[in-house]
Number of protein chains: 2
Amino acid sequence: MHDLTQTLALLHNTPVALSALLRDLPDSWTAKDEGEGTWTVYGVIGHLCHGERTDWMTRAKMILDFGESRTFERFDREAQGRESQGKSLGDLLDEFGRLRSENLAMLASWNLKPADLERKGRHPVFGPVTLSELLATWAIHDLTHLHQISRIMASQYRDTVGPWVKFLGVLHCDGHSSPA
Amino acid sequence: MHDLTQTLALLHNTPVALSALLRDLPDSWTAKDEGEGTWTVYGVIGHLCHGERTDWMTRAKMILDFGESRTFERFDREAQGRESQGKSLGDLLDEFGRLRSENLAMLASWNLKPADLERKGRHPVFGPVTLSELLATWAIHDLTHLHQISRIMASQYRDTVGPWVKFLGVLHCDGHSSPA
């Protein structure tokens, strides 16, 4: 049984945690990727902003308004390249925090009941999904990117740690990523 | 070439970030593990406190005082079970922040020069290691546990996310852990 309070507690904390982790770090941590075709920390935060702006709450509202009769738009995993132009990492962290707060305030205003969580929408790949599954995924999507950020940053020190590379699990993570 | 400023910036931020991520979360996130023989988030924070108290700075000082003539003690990866008794997660987060601040202040007081970073000590498994490698590992050890924490929490929602389990990389991470 999905406890929405548990989900909301994490959704509330993640932007503050990312801000504390990344604020004022040198670019040598946040502007580097893991190799060709991979993301920087800066890119990940832009992606999280895009999700707040166009994905999670839009899909939640679509479930409540239209049920399975409309199919969600696909996530645009490259949108952050356009939307982040001219913004610093600090700007993006502020934006993520602000958008998340607005979204959680709107969600609270809907006053969802347990039965609402069982309402269904239509995912372009999976078909029917519940509001419960969507909101749980919103929180775990934060964690998947926190997992990725810790790995991107660690990879910058693959050589610097010398023989300890053997004992540091994060340096043996192969990413496990798949299309959003 | 190891930029100590880069390392120190991350070492400074991690305790604040973990406090923001975990403070006041329900136990359903922080008191659960990933299965038999694995750690809870609470256990990880206790382990980080133990490292601040007995490992990183003790080893750094041993390098400066004795070079390769003394071998480091092994990490005690189970110490947190004893040391955390009676403490809340909030207590441990406070303790981690306080110990880290004290350690970084002491490190700053040593006024290390680039040549000091090349000084060597003796690791019980690897043999000769440099102070540079030790300090880099201290920072990446934070990231390896941030990576682990995001995975432990995500695993609590493996079923709750429904079909999205397929797209969430953190739920496909197998841990990559090895003895410290």
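Summary of computed values
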| quantity | calculated |
| --- | --- |
| Histogram of C-alpha separations across the protein assembly as shown, 20 Å bin width, % | 29, 55, 14, 1 |
| 20 °C / 1.002 mPa s Stokes-Einstein diffusion coefficient of region A:125-180, Kirkwood radius on C-alpha pairs, µm²/s | 159 |
| Fraction of the pair-distance distribution of region B:1-103 above 22 Å, Cα-Cα pairs, percent | 39 |
| Out-of-range pairs (alpha-carbon distance over 26 Å; input A:Lys166/B:Lys61; A:Lys32/A:Lys87; A:Lys166/B:Lys87; B:Lys32/B:Lys166; B:Lys32/B:Lys87; B:Lys87/B:Lys166) | A:Lys166/B:Lys87; B:Lys87/B:Lys166 |
| Estimated FRET transfer efficiency (A:Arg82, B:Thr58; beta-carbon r; R0 45 Å; 0.05) | 0.35 |
| Threshold 20 Å², region B:5-45 residues less accessible with all protein chains present than alone (1.4 Å probe) | B:Gln6, B:Ala9, B:Leu10, B:Asn13, B:Ala17, B:Ala20, B:Leu21, B:Leu25, B:Pro26, B:Ser28, B:Trp29 |
| For B:Trp39, distant residues with modelled amide H under 5 Å away | B:Glu34 |
| P(r), alpha carbons of chain B - 10 Å bins starting at zero, rounded % | 9, 34, 33, 18, 5, 1 |
| Distance in nm between pseudo-label sites at B:Leu104 and A:Arg74 (7 Å out along the Cβ direction from Cα) | 4.3 |
| Solvent exposure of region A:50-174 as accessible area per residue, Å², 1.4 Å probe | 43 |
| Carbon + sulfur, % of accessible area of region A:36-180 - ligands and nucleic acids excluded, 1.4 Å | 50 |
| Crossing angle, helix A:131-155 versus chain A [Cα axis fit, 0-90 degrees, rounded to tens] | 10 |
| Using θ = phi - 60° and Karplus 6.51 cos²θ - 1.76 cosθ + 1.60, couplings along region B:13-27 (whole Hz; Gly, Pro as x) | 7, 4, x, 5, 5, 5, 4, 5, 6, 9, 4, 6, 6, x, 4 |
| Per-residue ³J(HN,Hα) for region A:85-98, Karplus 6.51 cos²θ - 1.76 cosθ + 1.60, θ = phi - 60°, Hz, x for Gly and Pro | 3, x, 9, 7, 4, x, 4, 5, 5, 4, 5, 4, x, 5 |
| Rounded to whole Hz, the Karplus (6.51, -1.76, 1.60) HN-Hα couplings of region B:56-68, x for glycine and proline | 4, 6, 4, 5, 4, 5, 5, 4, 5, 8, 10, x, 7 |
| Local electrostatic count at A:Thr40 - Lys and Arg +1, Asp and Glu -1, tallied over other residues with Cβ under 11 Å | -2 |
| Heavy-atom accessible surface that B and A bury in contact, both chains counted, 1.4 Å, Å² to 100 | 5100 |
| FRET efficiency for A:Asp3 and B:Ala115, using Cβ-Cβ distance with R0 set to 56 Å, rounded to 0.05 | 0.50 |
| Position B:His176, label points 7 Å along Cα→Cβ, spacing to each other copy in nm (shortest first, one decimal) | 1.1 |
| Estimated [θ] at 222 nm from DSSP helical runs (n ≥ 4, -39500 (n - 2.57)) normalised by residues in chain B, nearest 500 | -17500 deg cm²/dmol |
| Simple label model, 7 Å out from Cα along Cβ direction - A:Asp24 to B:Val125, nm | 3.5 |
| Nearest 10 degrees, 0 to 90: helix A:41-50 Cα axis against chain A principal axis | 10 |
| Calculated FRET value between B:Asp33 and B:Asp65, using beta carbons and R₀ = 30 Å, to 0.05 | 0.20 |
| At 7 Å out from Cα toward Cβ: A:Val125 inter-copy label distances (nm, ascending) | 3.6 |
| Other copies of B:Ser28: label-to-label distances in nm, shortest first, labels 7 Å along the beta-carbon direction | 4.3 |
| Test item: A:117-125 mean partner chain Cβ contacts at 10 Å | 1 |
| Separation between Cα centres of region B:120-173 and region B:1-57, rounded to whole Å | 10 |
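The values are calculated or read from the model by the stated rules, or taken from the named source; none is laboratory data. The model shown is predicted, which means the values in this text are computed figures rather than measured ones. Glycine gets a Cβ as well: all are built from the backbone with ideal geometry, and neighbour counts include every protein chain shown. The accessibility values were calculated without ligands, DNA or RNA, using every heavy atom of the protein model including side chains. Shrake-Rupley method; radii C 1.70, N 1.55, O 1.52, S 1.80 Å.
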